Amino acid sequence: MKKDLRALREEYQLYFLDESQVPPSPITLFNKWLDEAIRNQVPEPNAMTLATVTPGNKPAARVLLLKEVDSDGCFVFYTNYNSQKGVELNNNPNAALVFLWLEMQRQVRVGGRTEKVSDATSDDYFAIRPRKSQISAVVSPQSQEVSSRARLEEAFSAIENQYAGKTVERPVHWGGFRLHPETLEFWQGRENRLHDRLLYTHQNGQWKITRLAP
């Protein structure tokens with residue numbers, strides 16, 4: 001039976017968000033929320049939507065995994081630099097991230113500019129990836145058309161044999177990006193759709209906190 005989507009409702013009442021009780025740094029709050037999502041066993045707690053801009057100025061979005069919040073408070077993720085998102089970020093470094101932890105009735109939106117991480121940082125992360133994930137990074141022409149699944153699997157087997165007993169080196173076309181946050185918005189679901197929304201905006205080297213209407 002077809003569901004009436006208009007009738008689907010969820011009442012949010014687990015937590016609240018008060019600007020008088022949050023830390024001055026949004027990175028501190030983000031790390032706290034992420035840790036709580038991990039402790040509460042939220043599936044894929046580091047999953048995030050990355051939104052970019054195409055060369056034709058159209059939005060594009062996809063889900064990937066956050067791999068680090070570094071010492072500068074930047075959000076780090078990895079990809080094929082020749083993929084759609086890699087090409088788009090190279091053309092326009094402005095991007096946005098969205099984290100959704102439904103079990104916690106929470107969402108975080110992050111906006112800022114991206115840049116590639118150093119080769120050394122990419123090398124360090126690539127070295128700790130599972131070996132078969134390393135091979136996939138070598139094999140996959142990410143976002144490009146392929147003739148079949150079978151051809152990908154054949155290429156995987158060939159590279160796996162080529163590197164038998166050897167270290168898989170990071171391809172030059174694969175590496176990391178770091179997003180320097182300029183805004184972070186924390187959303188906490190509340191009853192009657194009167195949700196809490198706190199926006200951190202980076203201005204003159206400091207973070208300004210404002211409350212937004214739900």
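Key figures for this structure:
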read-out: Flagged links, alpha-carbon separation over 32 Å, of 67/208; 58/116; 3/85; value: 3/85
read-out: Cα→Cβ-extended label distance, 7 Å offset, between residue 22 and residue 119, nm; value: 4.1
read-out: Note, ³J(HN,Hα) from phi for the stretch 96-110, Karplus 6.51, -1.76, 1.60, rounded to Hz, x at Gly and Pro; value: 9, 10, 9, 10, 10, 10, 4, 4, 9, 6, 9, 9, 10, 10, 10
read-out: By average C-beta atoms within 10 angstrom, highest first, the peptides 189-201, 136-148, 72-84; value: 72-84, 189-201, 136-148
read-out: The stretch 133-192: chymotrypsin sites (Phe, Trp or Tyr not before Pro) falling in loop per DSSP and having at most 10 other Cβ within 10 Å; value: none
read-out: Degrees between helix 119-128 axis and first principal axis of the chain (Cα, 0 to 90, nearest 10); value: 80
read-out: Degrees, to the nearest 10: 26-39 long Cα axis against longest axis of the chain; value: 70
read-out: Computed P(r) (all Cα pairs; the stretch 123-214; 10 Å bins; percent); value: 13, 27, 16, 16, 21, 7
read-out: Kirkwood-based Rg to Rh ratio, the chain, C-alpha trace; value: 1.03
read-out: Table column - 3J(HN,Hα) (Hz), the stretch 178-188, Karplus curve with 6.51, -1.76, 1.60, x for Gly and Pro; value: 10, 9, 7, x, 10, 9, 9, 10, 9, 10, 10
read-out: Inter-label distance, nm, simple model (7 Å from Cα along the C-beta direction), residue 36/residue 202; value: 2.4
read-out: Whole-Hz ³J(HN,Hα) from phi, Karplus 6.51 cos²θ - 1.76 cosθ + 1.60, for the stretch 152-165, glycine and proline x; value: 5, 5, 5, 5, 4, 4, 5, 5, 4, 5, 4, 9, 4, x
read-out: Nearest-20 debye value, the chain charge dipole, Cβ charges on Lys, Arg, Asp, Glu; value: 540
read-out: Aspartates and glutamates whose Cα lies under 18 Å from that of residue 132, excluding same-chain neighbours fewer than 8 positions away; value: 123, 124, 153, 154, 160, 169
read-out: Förster-model FRET efficiency, 25 Å R0, residue 4 and residue 193, C-beta, rounded to 0.05; value: 0.85
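Each value in this text was obtained by applying a stated rule to the coordinates, not by laboratory testing. Keep in mind that what you see is a predicted model, and the values were worked out from it rather than measured. In this analysis, Cβ positions are derived from the backbone assuming ideal geometry, glycine residues included, and neighbour counts consider all displayed protein chains.
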